[in-house]
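The values are calculated or read from the model by the stated rules, or taken from the named source; none is laboratory data. Computed from a predicted model, the values in this text were never measured in an experiment. We place every Cβ from the backbone using ideal geometry, glycine too, and count neighbours over all the protein chains shown. Protein only, heavy atoms only, side chains kept; ligands, DNA and RNA dropped before computing areas. Shrake-Rupley method; radii C 1.70, N 1.55, O 1.52, S 1.80 Å.
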Amino acid sequence: MKRITKYMLFVMTLICCGCHGDWAEIGDKGYVYANGTISKLIRDGIAETVIEEEVLNYAADDNYIVVHQVPDESFIKILEEGLPQRKIDSLEQKFQVMRIIHDCYWIIDMNKDRVLGPMNKKDFEKKCHSLQLTVQLDPKYEKKPWSERRKSQR
């Protein structure tokens, strides 16, 4: 049942975002960036979303992925409406923290498949320092949030 839910989330992401757009493998441990999300490939054609929309920037080395994300409120609402109540309850706390922080930062340990976050920028920098990470987000790759890009297109 858990796998079906993960698959359904991935399919919903593709439907909402379309099957075109940005896509890139991150390292060699099965992580991908696709249409504003970071996912982990589980097996051929099936991925689990690790960081929801909207990823504005990411960088990686052989061991870690660092991510800057601004949560997409409309995407969170779609997830909440499409999930069973027990799953909503478990994600609600994470979503609330994301809403409060707004500019969320994440660290993914690709060797342990462990996700740290969401964190504010100060806590993110402290955690990067404590883990002695050398990978850094490059501001030149920072995207504007989708909501801002839509406004500028009008």
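Those residues that are surrounded by fewer than 22 Cβ atoms within 10 Å (Cβ to Cβ) and not aliphatic (A, V, I, L, M), I need them from segment 56-67; list them, please.
Step one: list which residues in segment 56-67 are surrounded by fewer than 22 Cβ atoms within 10 Å (Cβ to Cβ), which gives 56-57, 59-64.
Once the filter is applied, which keeps residues that are surrounded by fewer than 22 Cβ atoms within 10 Å (Cβ to Cβ) and not aliphatic (A, V, I, L, M), segment 56-67 yields Asn57, Asp61, Asp62, Asn63, Tyr64.
Being without any contact (Cβ under 8 Å) to a residue 24 or more places away in the chain, under 16 Å from Asp62 (Cα atoms) and in a loop (DSSP other than H, G, I, E, B) is the filter here, so list the residues in segment 88-138 that pass it.
Those that are without any contact (Cβ under 8 Å) to a residue 24 or more places away in the chain, under 16 Å from Asp62 (Cα atoms) and in a loop (DSSP other than H, G, I, E, B): Lys112, Gln132.
Do we have any residue at all in segment 131-144 that's at pLDDT 95 or above, open to solvent by less than 80 Å² (accessible area, probe 1.4 Å), of a type outside the set (Lys, Arg) and more than 20 Å from Thr37 (Cβ to Cβ)?
Yes - at least one qualifying residue is present in segment 131-144.
Which one is surrounded by the most Cβ atoms within 10 Å (Cβ to Cβ) among residues in segment 43-55 that are out of contact with any Leu (no Cβ under 9 Å at 6 or more places or on another chain) and modelled with pLDDT of 90 or more?
Taking segment 43-55 as the starting set, the residues that turn out to be out of contact with any Leu (no Cβ under 9 Å at 6 or more places or on another chain) are 43-46, 50-51, 53-55.
In the following step, the residues that additionally are modelled with pLDDT of 90 or more were identified as 50-51, 54-55.
Details: Val50: 18, Ile51: 25, Glu54: 22, Val55: 23.
Applying the filter and picking the extreme gives Ile51.
State whether the residues of segment 10-23 include one that is part of a strand (DSSP E or B) and modelled with pLDDT of 50 or more.
Residues of segment 10-23 that are part of a strand (DSSP E or B), as a first pass: 23.
Keeping just the survivors that are modelled with pLDDT of 50 or more gives 23.
Checked against the condition, which is being part of a strand (DSSP E or B) and modelled with pLDDT of 50 or more, segment 10-23 yields at least one hit.
Of the residues that sit in segment 105-120 and are under 11 Å from the mean Cα position of the chain (by Cα) and of a type in the set (A, V, I, L, M), which one is surrounded by the fewest Cβ atoms within 10 Å (Cβ to Cβ)?
It comes out as Val115.
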